[in-house]
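The values are calculated or read from the model by the stated rules, or taken from the named source; none is laboratory data. Computed from a predicted model, the values in this text were never measured in an experiment. Here the Cβ positions follow ideal geometry from the backbone for every residue, glycine too, while neighbour counts run over all protein chains shown. Quick note on the areas: whole protein, heavy atoms, side chains included, nothing else; ligands and nucleic acids left out. Shrake-Rupley method; radii C 1.70, N 1.55, O 1.52, S 1.80 Å.
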4 protein chains.
Amino acid sequence: MISRRLRLGMVGGGKGAFFGAVHRQAAAMTQRYEFIAGALSSDPARAAESGRELLLAPERSYSDFMKMADTETLRDDGIDLVAVVTPNHLHAAASGAFLAAGISVMCDKPLTATLEEALSLEKIAKNSGALLGVSYTNAGFEMVREARSIVESGALGNIRVIRAEFPQEWLATAEETAGNKQAKWRTDPAQSGAGSLGDIGTHAFHLAEFVTGQRCVSVSAEVDTFVAGRRVDDNASVQLRFSNGAKGTLWASQIAIGRTNGLRLEIYGDKASLGWGVEEANILYLCPLGKQRIVIDRASHGTSVKGHLPSGHAQGFVEALARLYVDMAECLEASLLGNPAPASANLLPGLDDGVRGMKFINAVLRSGHDDGRWTAF
Amino acid sequence: MISRRLRLGMVGGGKGAFFGAVHRQAAAMTQRYEFIAGALSSDPARAAESGRELLLAPERSYSDFMKMADTETLRDDGIDLVAVVTPNHLHAAASGAFLAAGISVMCDKPLTATLEEALSLEKIAKNSGALLGVSYTNAGFEMVREARSIVESGALGNIRVIRAEFPQEWLATAEETAGNKQAKWRTDPAQSGAGSLGDIGTHAFHLAEFVTGQRCVSVSAEVDTFVAGRRVDDNASVQLRFSNGAKGTLWASQIAIGRTNGLRLEIYGDKASLGWGVEEANILYLCPLGKQRIVIDRASHGTSVKGHLPSGHAQGFVEALARLYVDMAECLEASLLGNPAPASANLLPGLDDGVRGMKFINAVLRSGHDDGRWTAF
Amino acid sequence: MISRRLRLGMVGGGKGAFFGAVHRQAAAMTQRYEFIAGALSSDPARAAESGRELLLAPERSYSDFMKMADTETLRDDGIDLVAVVTPNHLHAAASGAFLAAGISVMCDKPLTATLEEALSLEKIAKNSGALLGVSYTNAGFEMVREARSIVESGALGNIRVIRAEFPQEWLATAEETAGNKQAKWRTDPAQSGAGSLGDIGTHAFHLAEFVTGQRCVSVSAEVDTFVAGRRVDDNASVQLRFSNGAKGTLWASQIAIGRTNGLRLEIYGDKASLGWGVEEANILYLCPLGKQRIVIDRASHGTSVKGHLPSGHAQGFVEALARLYVDMAECLEASLLGNPAPASANLLPGLDDGVRGMKFINAVLRSGHDDGRWTAF
Amino acid sequence: MISRRLRLGMVGGGKGAFFGAVHRQAAAMTQRYEFIAGALSSDPARAAESGRELLLAPERSYSDFMKMADTETLRDDGIDLVAVVTPNHLHAAASGAFLAAGISVMCDKPLTATLEEALSLEKIAKNSGALLGVSYTNAGFEMVREARSIVESGALGNIRVIRAEFPQEWLATAEETAGNKQAKWRTDPAQSGAGSLGDIGTHAFHLAEFVTGQRCVSVSAEVDTFVAGRRVDDNASVQLRFSNGAKGTLWASQIAIGRTNGLRLEIYGDKASLGWGVEEANILYLCPLGKQRIVIDRASHGTSVKGHLPSGHAQGFVEALARLYVDMAECLEASLLGNPAPASANLLPGLDDGVRGMKFINAVLRSGHDDGRWTAF
């Protein structure tokens, strides 16, 4: 370990934003970062006020992320990492600016608003020595990692069926015309790219590939917009084919009344099945062929993932995101010290995961427009 | 009510069978039938032995269902109803024989092994004055009827998304080659017609239409056989389009390790959602837009379906099937007395439900063979 | 097996009653009884009408259970078994009359209204060659028997803590003054003996002893009546000491708003724990020391109790009671044939269980009146 | 708000400790504290190493908490708050030293090892202008506060029955002799005072009083030590009487195999009941009389407690503790600025809660020793 805290900046996340504050909580909780710079808003007054409230030094409270990247890269005490938590359409420009300046990035998902932006950013990222993490928060739940570890162990045998779903209710009506700021940009195609697919479908897709290690190769999709006047999808049901012959389904919906945040994954192999859902994030169901169902508690008997808390003490949402910041801290410190990449480099969602998410959205939308034709990607 | 018990016969259900015994239990439980005749097996010795064990009079223990139909129809004390619980490929012939003889039938699902047989039987049934019930057992759960009643009340508003699933584990390996008699005929296309689609997919399909009142008009399907050597489907994932614009999904699987009998239905409208599953058959989840989730207990506050037991006293599987036998008894008695059809005539699954199930299987298999092309039916 | 159905009579259970109809359903479902005689009400007109509706022959529809006992015992085709489903204060007289006449009895719980009546009945029963079963329905759930079998196997090691509870809500207000017939007699000390303790506390107590095989030797109780004007207990919390050193608690409440029928048992040994509740009657939780929690499905992997239905097909309340009638049929047939008592004789709740229930109520009430003093029984 | 972070110190929590790290995470997560001083161990070398790892300045890494109190109180940049996370027997001395020096304290529960120590500390605290918080973590769960708010609203009517339980499994065997450091001090009466009662019983007791607003006035207890050789209680079952006539039960056990951390509270009033458990910390069950059961999601429809995250994003254990640190920050800042006490002063567990916990333990142990005699406190 290096003998100082890592220096963290942020783009976006000013007053009124949602997820920036969660990123700051998560990073703070790890005690491995100090938050010292930000372009918290593109509006100078709002940026300044947000910076003041968050105790940033005035000279490190920017309103222009390009200037922030240029300035920070020149400082001896410049930031080691920037969290990009803007609306999606700014992810590529902001992340690209910092990566080009040699500063590592923790970018919120989806990676970008469009596949084209993702591919451009991919080039920049590959030419940069800096790191790119993508905040697929659910990959930070310990029981998601436990599930991945169980699959890797071969306990499920050959995977046959993968079922992922992510229903939410919050866009069941036209919230975007009712003054809900989050709804407004998330249903504006210019800012979000896609609707439920980008906002939560990518979470479900990443979770499915992250846990199973399988690669989806083709999709057949039914994509709907149920709320009148809405310009993006709010419900999508997708059939998936994986490279090894497994079949899957994925449902993303933001009009599922009664479901606050119902991400869930089920995996059926020929030796066992496994189930996990974020609403019961601290347990896993494991069902071996011909045996009784098993409930695995986080950090309890037979687990392989080291718990940050004893069993029975639930890991919450912020704590899951904090896990990604711990991974990033380990990767950054290894990089700063010239050490080989740590084990967590395999767990922290990165460039490839981000790009795949955009390819998934793109293929699903194309299949949906083409009456469900199987579409490779 | 008539002042005697209805006279019940059975085709199939001899020693070693499974579902015939459940039908006898269910009918007995209603106390409205006496079981007095049967062609319990096509093997004369087995038929006789089964009849003896079940206390049938020797002259009413047949081995040939054609003879049974011919004989019973001529007796003054002939049976009022016959339960047809043979393997699927005999449903059409047996049900047809009794209907043609003017004897009502409770036929197990799927209605027949093939769509062609179903259409032939449909003609016979329409020309017969006798009744045809189809034992979609789940339609007998009180909370399924409560769900239907809630949908009918308009509480869900316009239905947007319908999700049905029925995972089971019992065919995750090649049970049919391991001496399992039930597995053997259910995976033999000549006897069963289809695999998971016929055995459980039709249950899920009927449940979806029964509760929502919507009619599916087109399907796009991915149909798989995961167990090597198996000759029928054992996993099918289907996208559904309904006549009013609702979209749906249906998953039937008999290779889902860890799931004993996971039938579940979720319905999302623009005013509320509703969820029911057979593993928690005595409750419903109702989620009105903008309000807290509600758990409705069978026979408790705010229910409209009259309970056969006080709340908290669970209705089990046999009791659900018994409900269908009560419906049939009400219909039969009305018919015998020349009364108008009772309300339960709308609840007892019948000819149309049976035929639709066969059309569903047929369309799904065609779509699956055609790479998921949307297929109308 | 004998080659006829057993002949069943009933005392109580006429129009407007609740549990008599459940007993008739349960017995019918087994297909081993024919219901042919009854003293369904002490009111002659009501008795006659109830008998007609239930298709009893007029001469076997009595209004006086003494006359019924005297008459049936003399008939060649007299009843083999009578179900006594009257209010509690008639259990002793009715059961005693039939036992004295040599006719076996299935008596509803609690065995009697008072301990004195129970002890008198005990003498009669011991002098009678006839059988006495007590309808502690929960003992008929297959997973309760599975639990008992697991405990017997030694899997739990030495039992340390036993926790039983049975909360209900239906008497949270003064239903007895609002025209609820069931509430009226159940809260009338002259008819019921005790309140929640007799109605449901005895269920919880029997379940605890039935599953664990332990014998409670002393109680310390807090007994309350929360509803103004009520003359019996409606909430009781009891500490238990068992003969082998295990400690326990038992809670019976009929004022627990929101709980329809929450019977639950947890057993903690030094090698494992076990949990079962009637609201999830078809599964058991087993937690071995140092291992993951296991969910055991009825009739599934690793179970020892033979299921009457395949796994995943829930056993409901009537089906549980039917199990007791199957046990009784096996015992009766063995008795009629002069065979040794079958295995089910150890499972069917009987005289000793009934008497212990009354001793339990008596000790709890005495302890409650004496400020919780530990009271042996 | 003041324009700086609050300065936090810690006593205890060095290498190998458990709960100190959780306190540091929780405080960091709020972003309102900087951790800058500690007496992390009484062993100088261990204290120094722990301080280095946690990036403390060497001169503020103490091994003697008395010296730390004396030194920090004299510094211009001295700590505003100290977290006391030692074994219980040092709570009184450490907390007393800082309070006497005018430094506020967040003391872990139970407040002290003995009632005598608690009463001494109470005097010191009352003479100090500094604040004392007690880390009853569960009081930081938003749904616990929602529950308290619902009770305060009168929605439950008069409370009749309160049931609290906290089963754990981790001391089901003699862990204290197997090298488990946590088990060792927690089962040593000289360090812990009591066993399961102090470690978890006080949590359950605080939760019951915190949510209901009722005051327990008398207890009748059965206190056991099941593990051979253990010198403190490991299982206790308590009957409770409250000042307004409500009756309650409390079960604390550390030998409950299969239960990792099963804290649960149920409250039954005459208008509604309420249930919450830490294993489902983000929901509440509310059951109004004569209505259907309601599930209330954190931060969702109809909640009054402002959520720190949107509904469906679970608040975990560290986040609950962080909530107490936010409360303390608000109180401290109001104190530093000379403002009146904020609303959170009523929510942050404090001196009175800590002292009541010790009185509860004391009364329970006395009742247990006196064969369950009702014991006032």
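Go through the range D:327-344 and report how many residues are open to solvent by less than 40 Å² (accessible area, probe 1.4 Å) and in a helix (DSSP H, G or I). Break it down stepwise before answering.
In the first step, residues of the range D:327-344 are kept if they are open to solvent by less than 40 Å² (accessible area, probe 1.4 Å); the result is D:327-329, D:331-334, D:342, D:344.
Now narrow it down to the ones that are in a helix (DSSP H, G or I): D:327-329, D:331-334, D:344.
Residues in the range D:327-344 being open to solvent by less than 40 Å² (accessible area, probe 1.4 Å) and in a helix (DSSP H, G or I): 8 in total.
Any idea which residue in the range A:287-318 is farthest from the other protein chains (Cβ to nearest Cβ), counting only those that are of a type in the set (Val, Ile, Thr) and outside any helix (DSSP H, G or I)?
Here is the first cut: in the range A:287-318, the ones of a type in the set (Val, Ile, Thr) are A:294-296, A:303, A:305, A:318.
Remaining after also requiring outside any helix (DSSP H, G or I): A:294-296, A:303, A:305.
Values: A:Ile294: 5, A:Val295: 4, A:Ile296: 5, A:Thr303: 9, A:Val305: 14 Å.
Taking the candidates together, the pick is A:Val305.
Residues C:Asp327, C:Asp370: which one is over 19 Å from C:Ala204 (Cβ atoms) and free of Cβ contacts under 8 Å to residues at least 24 places away in the same chain?
Numbers: C:Asp327 fails: free of Cβ contacts under 8 Å to residues at least 24 places away in the same chain.
Among C:Asp327, C:Asp370, only C:Asp370 is over 19 Å from C:Ala204 (Cβ atoms) and free of Cβ contacts under 8 Å to residues at least 24 places away in the same chain.
If you take the residues of the range C:213-272 that are among the basic types (Lys, Arg) and part of a strand (DSSP E or B), which of them is nearest to the other protein chains (Cβ to nearest Cβ)?
Our first condition is that a residue be among the basic types (Lys, Arg); within the range C:213-272, this holds for C:215, C:230-231, C:241, C:247, C:259, C:264, C:271.
Narrowing the set further to residues that are part of a strand (DSSP E or B) leaves C:241, C:247, C:264.
Working: C:Arg241: 8, C:Lys247: 6, C:Arg264: 12 Å.
Within the range C:213-272, the match that is nearest to the other protein chains (Cβ to nearest Cβ) is C:Lys247.
Kindly provide the set of residues from the range A:290-326 that are charged (D, E, K, R) and either under 16 Å from C:Ile294 (Cβ atoms) or surrounded by 20 or more Cβ atoms within 10 Å (Cβ to Cβ) (or both), ordered by number. Give the derivation first.
Here is the first cut: in the range A:290-326, the ones charged (D, E, K, R) are A:291, A:293, A:297-298, A:306, A:319, A:323.
Across the range A:290-326, the qualifying residues are A:Lys291, A:Arg293, A:Asp297, A:Arg298, A:Glu319, A:Arg323.
On the basis of being within 11 Å of another protein chain (Cβ to nearest Cβ) and either at positive phi or open to solvent by 30 Å² or more (accessible area, probe 1.4 Å) (or both), does B:Gly372 make the cut?
Details: within 11 Å of another protein chain (Cβ to nearest Cβ): yes; either at positive phi or open to solvent by 30 Å² or more (accessible area, probe 1.4 Å) (or both): yes.
Yes.
Go over the candidates B:Arg32, B:Arg46 one by one and state the one that is within 12 Å of chain C (Cβ to nearest Cβ) and of a type in the set (D, E, K, R). Show your work before the answer.
Values: B:Arg46 fails: within 12 Å of chain C (Cβ to nearest Cβ).
One residue alone meets the criteria, B:Arg32.
What is the one condition in (1) closer than 30 Å to C:Ala113 by Cβ; (2) within 13 Å of chain B (Cβ to nearest Cβ); (3) surrounded by fewer than 18 Cβ atoms within 10 Å (Cβ to Cβ); (4) acidic (Asp, Glu) that C:Asp352 does not satisfy?
Among (1) closer than 30 Å to C:Ala113 by Cβ; (2) within 13 Å of chain B (Cβ to nearest Cβ); (3) surrounded by fewer than 18 Cβ atoms within 10 Å (Cβ to Cβ); (4) acidic (Asp, Glu), the lone unmet condition for C:Asp352 is (2).
Exactly one condition in (1) under 30 Å from A:Gln239 (Cβ atoms); (2) modelled with pLDDT under 95; (3) not acidic (Asp, Glu) is false for A:Arg373; which is it?
Single failed check for A:Arg373: (2).
Among the residues of the range C:107-125, which ones are out of contact with any strand residue (DSSP E or B) (no Cβ under 7 Å at 6 or more places or on another chain) and surrounded by 23 or more Cβ atoms within 10 Å (Cβ to Cβ)?
Step one: list which residues in the range C:107-125 are out of contact with any strand residue (DSSP E or B) (no Cβ under 7 Å at 6 or more places or on another chain), which gives C:110, C:112-124.
C:Pro110, C:Thr112, C:Ala113, C:Ala118, C:Leu121 - these are the residues of the range C:107-125 that are out of contact with any strand residue (DSSP E or B) (no Cβ under 7 Å at 6 or more places or on another chain) and surrounded by 23 or more Cβ atoms within 10 Å (Cβ to Cβ).
In the list B:Ala94, B:Ala83, which residue meets the criterion of being among the small types (Gly, Ala, Ser), closer than 20 Å to B:Arg356 by Cα and touching a residue at least 40 places away in the same chain (Cβ under 8 Å)? Break it down into steps so the answer makes sense when it comes.
Details: B:Ala83 fails: closer than 20 Å to B:Arg356 by Cα.
Criteria check complete, one pass: B:Ala94.
Looking at this structure, is D:Met66 open to solvent by less than 30 Å² (accessible area, probe 1.4 Å) and in contact (Cβ under 8 Å) with a residue 24 or more places away in the chain? Quick ask: steps written out before the conclusion?
Details: open to solvent by less than 30 Å² (accessible area, probe 1.4 Å): no; in contact (Cβ under 8 Å) with a residue 24 or more places away in the chain: yes.
Spelling it out, it is not the case that D:Met66 is open to solvent by less than 30 Å² (accessible area, probe 1.4 Å) and in contact (Cβ under 8 Å) with a residue 24 or more places away in the chain.
For the range C:147-156, how many residues meet the condition of being farther than 19 Å from C:Asn282 by Cα, open to solvent by 30 Å² or more (accessible area, probe 1.4 Å) and either touching an Asp or Glu at 6+ places or on another chain (Cβ under 9 Å) or away from every other protein chain (no Cβ under 12 Å) (or both)?
Counting residues in the range C:147-156 that are farther than 19 Å from C:Asn282 by Cα, open to solvent by 30 Å² or more (accessible area, probe 1.4 Å) and either touching an Asp or Glu at 6+ places or on another chain (Cβ under 9 Å) or away from every other protein chain (no Cβ under 12 Å) (or both) gives 3.
Mind counting the residues in the range D:1-21 that are within 13 Å of chain A (Cβ to nearest Cβ) and farther than 15 Å from D:Arg52 by Cβ?
Within the range D:1-21, the first condition is being within 13 Å of chain A (Cβ to nearest Cβ), and the residues that meet it are D:1-6, D:8, D:10, D:13, D:17-21.
Now restrict to residues that are farther than 15 Å from D:Arg52 by Cβ: D:1-6, D:8, D:17-21.
Selection size over the range D:1-21: 12.
Among the candidates B:Thr173, B:Thr114, which residue alone is within 14 Å of chain A (Cβ to nearest Cβ) and hydroxyl-bearing (Ser, Thr, Tyr)? Before you say what the answer is, go through the steps one by one.
On the way: B:Thr114 fails: within 14 Å of chain A (Cβ to nearest Cβ).
Unique residue meeting the criteria: B:Thr173.
To keep it simple, each residue is scored yes or no on (1) open to solvent by 30 Å² or more (accessible area, probe 1.4 Å); (2) aliphatic (A, V, I, L, M).
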position	(1), (2)
D:Arg215	yes, no
D:Arg230	no, no
D:Ala236	no, yes
D:Ile267	no, yes
D:Cys287	no, no
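Can you pull out the residues in the range A:176-203 that are away from every other protein chain (no Cβ under 14 Å) and buried (at least 21 other Cβ atoms within 10 Å of the Cβ)? So that I can check it myself, show each step before the final result.
Quick first cut of the range A:176-203, residues away from every other protein chain (no Cβ under 14 Å) only: A:176-177, A:179, A:184-185, A:187-195, A:197-198, A:201-202.
Within the range A:176-203, A:Glu176, A:Thr187, A:Ser192, A:Gly193, A:Ala194, A:Gly195, A:Leu197, A:Gly198, A:Gly201, A:Thr202 qualify.
Filter the range C:269-285 down to the residues that are within 21 Å of B:Pro310 (Cα to Cα) and open to solvent by 30 Å² or more (accessible area, probe 1.4 Å) and list them by number.
Across the range C:269-285, the qualifying residues are C:Glu279, C:Glu280, C:Asn282.
I'm checking my understanding of the structure. Among residues of the range A:1-50 that are aliphatic (A, V, I, L, M) and assigned to a loop (DSSP other than H, G, I, E, B), which one is most open to solvent (accessible area, probe 1.4 Å)?
Quick first cut of the range A:1-50, residues aliphatic (A, V, I, L, M) only: A:1-2, A:6, A:8, A:10-11, A:17, A:21-22, A:26-29, A:36-37, A:39-40, A:45, A:47-48.
Keeping just the survivors that are assigned to a loop (DSSP other than H, G, I, E, B) gives A:1-2, A:17, A:40.
On the way: A:Met1: 172, A:Ile2: 28, A:Ala17: 44, A:Leu40: 6 Å².
Restricting to residues being aliphatic (A, V, I, L, M) and assigned to a loop (DSSP other than H, G, I, E, B), the top hit is A:Met1.
Quick one: which residue in D:Leu321, D:Leu365, D:Leu284 is in contact with a Gly (Cβ under 9 Å, 6 or more places away or on another chain), under 23 Å from D:Gln168 (Cβ atoms), more than 8 Å from every other protein chain (Cβ to nearest Cβ) and in a helix (DSSP H, G or I)?
On the way: D:Leu365 fails: in contact with a Gly (Cβ under 9 Å, 6 or more places away or on another chain); D:Leu284 fails: in a helix (DSSP H, G or I).
Being in contact with a Gly (Cβ under 9 Å, 6 or more places away or on another chain), under 23 Å from D:Gln168 (Cβ atoms), more than 8 Å from every other protein chain (Cβ to nearest Cβ) and in a helix (DSSP H, G or I) holds for just one of D:Leu321, D:Leu365, D:Leu284, which is D:Leu321.
Say whether the condition of being in a helix (DSSP H, G or I), within 27 Å of B:Leu348 (Cα to Cα) and open to solvent by 40 Å² or more (accessible area, probe 1.4 Å) is met by at least one residue in the range B:91-106.
Initially, the range B:91-106 is screened for residues in a helix (DSSP H, G or I), giving B:91-100.
Going one step further and asking which of them are within 27 Å of B:Leu348 (Cα to Cα), we end up with B:91-100.
Remaining after also requiring open to solvent by 40 Å² or more (accessible area, probe 1.4 Å): B:93, B:100.
Checking the range B:91-106: at least one residue is in a helix (DSSP H, G or I), within 27 Å of B:Leu348 (Cα to Cα) and open to solvent by 40 Å² or more (accessible area, probe 1.4 Å).
Before we move on, is B:Asp108 among the charged types (D, E, K, R) and in contact with a helix residue (DSSP H, G or I) (Cβ under 7 Å, 6 or more places away or on another chain)? Walk me through it before giving the result.
Working: among the charged types (D, E, K, R): yes; in contact with a helix residue (DSSP H, G or I) (Cβ under 7 Å, 6 or more places away or on another chain): yes.
So B:Asp108 fits the description; yes.
Among the numbered criteria (1) under 16 Å from A:Gly262 (Cα atoms); (2) at pLDDT below 95, which single criterion is violated by B:Gly302?
(1) is the only condition that B:Gly302 fails.
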